[in-house]
Structures are given as C-alpha cells and as structure tokens.
Amino acid sequence: MIRVDVTELPSGQSIQEALLSHEFDLQSGVALLSVSCRRNQWATIRDFISAHSSTIVSTRISIIGDLPDAPEIADEEIVPQLDQGQLTQLALLDLQNLNLPLLSPTLGPHLQKLSIRAKSRAPLDVSTTFLFLSQCPNIQGFQFPAYYNSGPTVAPFVPPDLSVFDQPDLKLPSLTTFHLGCTEREGFNTLFRSIEVHAIRSLKVILPPETRDAVSPTSTPTSHQMQLPNSLRPWMDQAEWIRITSHASVITIEYGREGQFTHEIHFIHPWGLGPVDRDELQRLPNQLCVDLPEYFRNIQSAEFDGVLPNVDQWTALLASWDIRSDLKVIGQNATECLVSLRYRPDLQERIPILNAWLIDSNAARDYSSMPKAKKKIISQQKHQFLAVSRSLFQAYQAMGREADSVVVRYQGEGARMIDVAGNPGSAAELSPTETEEIFPERNRDRDDNAQPSPWLVTCTAETHYRDLSHLRQRFLSS
C-alpha cells in the first residue's frame, strides 16, 4: 500500500511530485493507494487517479477542509467522482458546505468505510444516516462525529421524514463499526430497529438530554432524566461487563462481551435540563439505577467511577442485580456503597469480590489551608470509610472468603485487604505495586472526573479539550 499525505506540502513541491516521489511502479499496478488531501487539491488528485485507473486497484481518500485563504470551489465538485470499483474508503472532514446529495453518486456496494465530519460538528439526521447505509450494502465502518448544540442537523437528501424507514429491515452483514455523534434517543431507536447488524463489534453514540414536546405554543419543552436506548437491549442482555463513568455533565456507559462486541454510550446532562437539586447531582439518576438490572441481566463485572449511587440506590440496585464476579467502586462517595452492604449478608453474598476507592483530590490538595471545621469533616469521612471497611472485612472473613475478596483504598494511601491471619476485621496493607494493580491511576481533572473517551473528545469542537487533542481521531487515510 502507498500512503500519500499532501495536506501540508513542502514549499515548492507540487502535488504531482508528491504523488510520484514514492517511486511506485504504475506499470505493475498498485494494490492500494491511500491519499489525504485538502479540498482545493482534489481536482489534481482526481485527475491523477483517473489517469492511472487501470493500475491503481483500490483507493482510500480523505478530503479535508481548505485553508482559510484557499479559493472557493464550486459545490458540484465537493465530492470525489471516481470509478465506483476503485473507491473503498472515503472521509470528508471539516468542509464548510457539505452538500450531501452530491455525495450519492460516490456511494455504492464498493464502499467499505465512510467517515464524515462537518466543520460545525453539526449532527446528522437519522433519515439521512439510513439513506447513507442503504446505498452501501457492504459497508464495514460508518462514522459521523457531532455534538450537542453545535448547529442544525446536516441537510439530508430529503427533508427529515421517518417514512424512509417504512420498508423491510436493511441488512448490513458486513457492518462492524458504527460510531455516531449526537443523536436523539428516539431517532436512534428508530434507526437501529430498521437495520440488521449482527456483525457489529464497536458501537458508539452520544445521546442529548431527554425532552418532551411543549404542550402549547407558549410553554417550553419538559426535560427528563436519561433513559437507555431499548433498541440496544439485545446486546445489553448479552453483556458480561459494564463500566459507568462520569465527566462533568456527561455520564458514559460502556459494556460488552469479551471477543464479541463493545458499546459506548454518552449521555449529556443525564439529570435533565431543568432545575436540579444539588444533592441529586451527587448521585446517579434514579432512572438509570432502576434500568440497570432490567437491561443488563448477565453482568459478571461492574465498575462505577465518578458520580455514584447513594445508599438507598445501592441497596435497591444490588438487591435486584446479580453481579457474579466483581464490583469496583471509585469516587468521593464510595463509603455509601460499603454502608449499603454493612448489615446485609444477603447482598454481600451476591458480590464475590468488592473493590472500593474513596478518592477526593480536592480534599487532599487543599487540606493544609482548610479551616479546622472542614478538616474535621475530612477526618470523619476517613474514619467512617475505614470503620465500615473493617465491618465488611469481618463479615467476609466470617463467610470464609479469600483475603482479596474485599480491597479498599482511601485517597493516595496503600490499599487494604482482609488479614485472614489476624483478628476479625483486621486489615493487611498492600504494596504500592499491588495497589496499582487493583486501583490503577488514571488521568483525572481537578474534580476527580475520569478522562473522557477519545470518541467524546473527537465529537466536540477543536476549542474543547485542548489539553486532550492527542485523543482526537484524525480520520486520515491509513
């Protein structure tokens, strides 16, 4: 395969020179030519590929928006017009005027991967997404990064109309990667119920806040807590592991089955857009805690990192959720999970392995300058966490559990586990290496939020997450 990137040519070098500098033998044929270019370079690239169409077997193209001082180009030339048998991968990135109807002639059974990113990061209408997929029956990967409140939806081939779904289910037997930016939950459900994607291995989507239409022209739409997309329920029911993390106003749920699939769903403002009590923001949305055991019925490993359930939510959740392997809890309110288990041997039996880490970097960082009253609260927090931990050590030890069946960690201290050789409730401290194995350090912000996923960063504007630019997906031909 020959890779050519002409987006930033050295001074004085022409596009033709850059293409020919790789010294491939056009007479003997090139199995795959991968080209990344800018919008105003496309005509030259197209002519070069067309001139050697008999020897270039397959082509991957990434077209990136022009530089600010580049001359404007007619809309009708905005997408590559290649022999359909040649083009296998196409990425259109940061174009100012993405005229999607003009893309239609480029689509077809030859296309294996399609990535589109509007410069505004505006989302894609679900009916247009369906039309894209319907024209690419052999598509293997489809990606469209977009974010919430980034502009109106990108103009579809037809006005947004769910009637496009009034046909037999679309079969996409080769689709393994399906990554969408911000898409309303109901629209996503409609889309996913209309396609057969048995081979899908990686799915990512961002869901905006739940809203309901206004009851009258003078009233405003109502806002509700997050809901899981029920179109994904068959996969959720098969999932063996789940990880729930929070970052600022986003809750991310990742789940999957080893060697089969991984899904990643981001919920923006999952508590709703209306006034929310401060205490409510300190715990997971109630609706999520109700839905988890109903949707995820075969979980063997669960991890919560960041915003956690409160005591009542933990009690209800663990009473109805049979976690067969391990539960890991990380966050400022980790004590509440331990409290919910303290006097409930029936719940303790449901959790063979429990790892809990109370982490509050703000408290640790500002401790020396805190007022005495605040220091007293922090001291009481630590005392409660360790006291409840000792109770669980004793309970698990009485059940004959292994030493590492309960492992806890407070702040940056070493982790502790059951001291099976000591008195009931006594703890054995782990080494730094052992602590790191159980509670690996992760990049966190000042509020202890876990680092957002690369897909979430990719979907936002360049002005967001400047310090995490290395996580952004580039979509260049490879």
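Highlighted here are the helices (runs of 4 or more DSSP H) found entirely within segment 214-306 that include at least 2 residues which are closer than 21 Å to Thr176 by Cβ, outside the structural domain of Glu336 (by TED's automatic domain parsing) and modelled with pLDDT of 95 or more: 233-238. Being more than 20 Å from the chain's Cα centre (by Cα) and surrounded by fewer than 21 Cβ atoms within 10 Å (Cβ to Cβ) is a property that does not hold for Asn355.
Does segment 453-468 hold any residues that are in a helix (DSSP H, G or I) and touching a residue at least 12 places away in the same chain (Cβ under 8 Å), and which are they?
Within segment 453-468, Pro454, Trp455, Leu456, Val457, Thr458, Cys459, Leu468 qualify.
Restricting the search to helices (runs of 4 or more DSSP H) fully inside segment 330-431 and requiring at least 3 residues that are touching a residue at least 40 places away in the same chain (Cβ under 8 Å) and closer than 25 Å to Asp445 by Cα gives 361-366. Are any of the residues in segment 436-452 surrounded by 16 or more Cβ atoms within 10 Å (Cβ to Cβ), modelled with pLDDT of 85 or more, in a loop (DSSP other than H, G, I, E, B) and in contact with a His (Cβ under 9 Å, 6 or more places away or on another chain)? The answer is yes; a qualifying residue exists. Could you please let me know if Thr460 is farther than 19 Å from Glu254 by Cβ, modelled with pLDDT of 85 or more and either within 16 Å of the chain's Cα centre (by Cα) or of a type in the set (Ser, Thr, Tyr) (or both)? When the stated conditions are applied, Thr460 does not pass them. Among residues belonging to segment 412-425 that are within 16 Å of Leu338 (Cα to Cα) and at pLDDT 90 or above, point out the one that is surrounded by the most Cβ atoms within 10 Å (Cβ to Cβ). Among them, the one singled out is Ile418. Flag: Ala334 does not match the condition of being of a type in the set (A, V, I, L, M), out of contact with any Ser or Thr (no Cβ under 6 Å at 6 or more places or on another chain), farther than 30 Å from Asp237 by Cα and modelled with pLDDT of 90 or more.
For segment 182-205, the set of residues classified as assigned to a loop (DSSP other than H, G, I, E, B) and either at pLDDT below 90 or over 17 Å from Cys459 (Cβ atoms) (or both) consists of Ser194, Val197, His198, Ala199, Ile200, Arg201, listed by residue number.
Residues in segment 69-118 that are surrounded by fewer than 13 Cβ atoms within 10 Å (Cβ to Cβ) and at pLDDT 85 or above: Pro109 alone.
The values are calculated or read from the model by the stated rules, or taken from the named source; none is laboratory data. Just so we're clear, the structure is a prediction, and the values are computed from it rather than from any experiment. Here Cβ is always computed from backbone atoms with ideal geometry, including for glycine, and neighbour counts include all displayed protein chains.
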